[in-house]
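To start, the structure under review is shown below, and the notes come after it.
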Amino acid sequence: RLDMANWLIDPTNPLTPRVLANQVWAHLFGRGIVRTMNDFGLRGEKPTHPQLLDWLAGEYMRLKWSRKAFIKRIVMSATYRQSSHHQPKMVEIDPRNNLFHRQNRFRVEAEIIRDLNLSVSGLLSKKVGGPSVFPPMPADVAALSYAGNFRWVTSKGEDRYRRGLYTFFKRTSPHPNLSAFDCPDSNTTNVERRASNTPIQALILLNNEVFVDASQAMAKRLLTKKMASDSDRIAWAFRLCVARLPTSKEVGNYLDLLETARKLYKDRPADAKKMVGGHQPPDVPASEAAAWVATARILMNMDEFITRE
């Protein structure tokens, strides 16, 4: 075993750093320089940029195998910082973007989707380290266990909002939010995730307890900041969610949604309180807060919000 370990990281063995560099590259660009990430043999695809892959492998070793330093080296490059917008002039030259003439656009991983929602809403815990935590899970799924020897008890306080990295992974019944967004199980090795696009994903982002909680906190965050108008508040929400300003058409659509929600919840005080949950902003009527929760839910359900542009 020691001989094997020494061989894996021996400077004269280029395989290990090439494989690892390719995996990091795929994580940052949506696909690897060698597309068959788990097959570097004769049956796998050839690298699109063999010299680049060799340089990256050497750089990884020169950085003393520090993944953090290696990722920083890549993300500071001009190649990584390109726009992901399609360039019509490149259709015939590089239709599959093999030359990396632009960035790739892809949905973030299942764990990160929850982290994004918690982050923009202000709920995300920045605590580092510690034991696994148990975020909210549907009761019928939480009740499942192997031989009845385990019980999922939802974490309290800050632990409820820890990053997805710390979520307890239950092999017999993985968290349904993770499964819905293509998180693989832990029974087999998986070096490349596949991203699907299903209606259930949109329904989860709208109705699951975790994401409803985040939208309630997001609405409270928007309402507790003094703004000149609803349009300004919507613009700030866009900046928080997708790092850009909305178009005039988008502002108009969200203002219409906000006004419709205001009329709905003004006549339904009980529903308004239920919609706001435990995130009622001070000195704000429940109907107004509920209208902003409804608006925040749609903002945080946009494809752009969970897609790395």
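The values are calculated or read from the model by the stated rules, or taken from the named source; none is laboratory data. If you're wondering where the values come from, they're calculated on a predicted model, not measured in any experiment. Glycine gets a Cβ as well: all are built from the backbone with ideal geometry, and neighbour counts include every protein chain shown. Calculation scope for accessible area: heavy atoms of the full protein, side chains included, ligands and nucleic acids excluded. Shrake-Rupley method; radii C 1.70, N 1.55, O 1.52, S 1.80 Å.
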- Within the stretch 160-199, which residues are under 21 Å from Gly130 (Cα atoms) and exposed (fewer than 14 other Cβ atoms within 10 Å of the Cβ)? Leu165, Phe169, Arg171, Ser186
- Query: Is at least one residue of the stretch 224-237 out of contact with any Asp or Glu (no Cβ under 6 Å at 6 or more places or on another chain), within 21 Å of Arg308 (Cβ to Cβ) and not hydrophobic (A, V, I, L, M, F, W, C)?
  - Reply: no
- Task: Kindly indicate whether any position in the stretch 31-45 is aliphatic (A, V, I, L, M), under 14 Å from Phe100 (Cα atoms), part of a helix (DSSP H, G or I) and out of contact with any Gly (no Cβ under 9 Å at 6 or more places or on another chain).
- Result: no
- Query: Just checking, how many residues over the stretch 207-252 are closer than 15 Å to Val276 by Cα and over 23 Å from the mean Cα position of the chain (by Cα)?
  - Reply: 2
- Query: Quick check, is Ala202 touching a Phe, Trp or Tyr at 6+ places or on another chain (Cβ under 8 Å), over 16 Å from Gly122 (Cα atoms), open to solvent by less than 50 Å² (accessible area, probe 1.4 Å) and not β-branched (Val, Ile, Thr)?
  - Reply: no
- How about the stretch 285-302: which of its residues are in contact (Cβ under 8 Å) with a residue 40 or more places away in the chain and open to solvent by 30 Å² or more (accessible area, probe 1.4 Å)? Glu288, Arg297, Ile298, Asn301, Met302
- Item | Elements of type helices (runs of 4 or more DSSP H) contained in the stretch 207-267, each with 3 or more residues being open to solvent by less than 80 Å² (accessible area, probe 1.4 Å) and among the small types (Gly, Ala, Ser) | 209-223, 230-242
- Residues within the stretch 36-55 that are under 26 Å from the mean Cα position of the chain (by Cα), open to solvent by less than 50 Å² (accessible area, probe 1.4 Å) and not β-branched (Val, Ile, Thr), tallied: 1
